[in-house]
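Report on the structure given below.
Quick note: the coordinates plus some simple rules give every number you see, no bench work behind them. What you see is a predicted model, and the numbers here were worked out from it, not measured in a lab. Using ideal geometry, Cβ is built from the backbone for each residue, glycine included, and neighbour counts are taken over all protein chains shown.
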Amino acid sequence: MKASTRTMIRKHGWRIDRALHNYLYFAAYHPYVRLSLAMTRLAAAAPRWFRPSAMLFRAAFDRYHAKVLSSSDAVKIMTLREDVRLAGPGNRQIIPYAQATEILFREPDFIAVMDCPCRAAKGGREACRPVNCCIAVGRDIAEFWLDHCGRYHPRRVTQEEALALVRDFRKRGHITQAFFKVATGGTTGVICNCCPECCVSLEASRRVRKFEGSLSQSAGSGYSVRVNHEICRDCGTCAGICPFGAMTLLDGVRSYDKEACMGCELCVEHCPEGSLSLYRDPGKPLPLDMDWVRETMKT
């Protein structure tokens, strides 16, 4: 048995069922996501009054969800030099879900990249290539990918190469998200470059709104956007890049919906005038800011 398999089994303790689920989830990544996509669309097709569909989404979202990352918070994860482990109810201030909230990065400079199952499930649009863009940060997950996921072309990369991949996709309007799943130990470690059109998680959140408007598979980054009106020209670039409809342009006037904003920072990065900036919003979940996590939550 490979060392990565033993590590995965130990992570789940006596829950052998979850260890098996963990193994199958990564080893059969693409068909797993295709099935999830089909089930999501089937459940979302039910009438609005069919409450079991809403209950199904709520249960699924508590067990498998994501945290949107700002560019700066993604950089801090990709440049970690020491182990980070944080568990407990306090994590829900950052990741506001009932389950799968552990922040774990063991040997964070051990990084692997492999094919994105969402892009494969939806046919891999030309604009989304390369499909080899899902990132595992930390030996626990990265080594497992390298040992068991050969069909999805895993490869080890440096922190600098992982950062370059993130920056390239952000230039193209893709969102950076950290994913958490009960069946993979309830921890983070998987960082995805999510295309708003291809991401199954983002599609699930859009479809569930007819049942429960506040329910989402993705938690916001913890930031909102501040506008410097003195230099903003209402050019609409931010509206064109925003994947959540938080920035809009109507009759030449830009508007901002803070509640819809997930704080992904794409509008800030793409603003040609530099008129936008992020600020920590106390009305939203705490950011997954590794500096703050280490200093405040005593990892």
Item to check | Pairwise label distance in nanometres, Lys2 with Ala59, each label 7 Å out on the Cα-Cβ vector | outcome: 3.3 nm
Item to check | When each of Lys2/Lys76; Lys11/Lys181; Lys76/Lys171; Lys2/Lys122; Lys67/Lys181; Lys171/Lys258 is checked by Cα-Cα distance, pairs over 21 Å | outcome: Lys2/Lys76; Lys2/Lys122; Lys171/Lys258
Checklist entry - Relative to the present Cα-Cα distance, how much length would full extension add between Leu215 and Arg233 at 0.36 nm per residue of separation? => result 3.1 nm
Checklist outcome for this item: Diffing segment 172-178: the Karplus 3J(HN,Hα) column from phi (6.51, -1.76, 1.60, θ = phi - 60°), in whole Hz with x for Gly and Pro, holds 9, x, 8, 9, 9, 9, 9
Checklist entry - Highest GNM mean-square fluctuation, the chain, Cα pairs closer than 10 Å: which of Arg209, Arg139, Arg156? => result Arg209
Item to check | Residue-averaged 222 nm ellipticity for the chain, from DSSP H runs of 4+ at -39500 (n - 2.57), nearest 500 | outcome: -11000 deg cm²/dmol
Next on the checklist: I want to verify a result. In a Gaussian network model of the chain, Cα cutoff 10 Å, which of these has the top mean-square fluctuation: Ser214, Ser224, Ser201?
Outcome noted: Ser214
Item to check | Amide H contacts under 5 Å for Arg226, placed H, 5+ residues apart | outcome: Ser277, Leu278, Tyr279
Checklist outcome for this item: Rounded to one decimal in nm, the spacing of the 7 Å Cα→Cβ label points at Phe50 and Val75 is 4.7 nm
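Using the crude model of +1 on Lys and Arg Cβ and -1 on Asp and Glu Cβ, and no other charge, please compute the dipole size for the chain relative to its Cα centre, in debye to 20.
Dipole size: approximately 1100 debye.
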Next on the checklist: Given R₀ = 25 Å, what would the calculated FRET efficiency be for Gln93 paired with Asp257, taking r from the Cβ atoms and rounding to 0.05?
Outcome noted: 0.60
Next on the checklist: Positive end of the dipole of the chain, charges at C-beta (+1 Lys, Arg; -1 Asp, Glu), about the Cα centre: which of Thr5, Gly240, Pro52 has its Cα farthest in that direction?
Outcome noted: Pro52
Checklist entry - Which angle between 0 and 90 degrees, to the nearest 10, do you get for helix 51-63 versus the longest principal axis of the chain when only C-alpha atoms count? => result 70 degrees
Next on the checklist: 7 Å from Cα along Cα→Cβ at both Glu160 and Ala28: what's the point-to-point distance in nm?
Outcome noted: 4.1 nm
Checklist entry - Roughly how compact is segment 1-109, stated as its Cα Rg over 2.2 N^0.38 Å to two decimals? => result 1.30
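Could you tell me the ratio Rg/Rh of the chain? Both radii from Cα atoms, Rh via Kirkwood.
0.96
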Next on the checklist: Let me make sure I get this right: for segment 173-279, a, b and c are the square roots of the gyration tensor eigenvalues over alpha carbons, sorted descending. Under 1.5 in a/c it's rounded, otherwise prolate if a/b > b/c, else oblate. Which is it?
Outcome noted: prolate
Checklist entry - How big is the gap, in Å, between the Cα center of segment 269-294 and the Cα center of segment 24-100? => result 21 Å
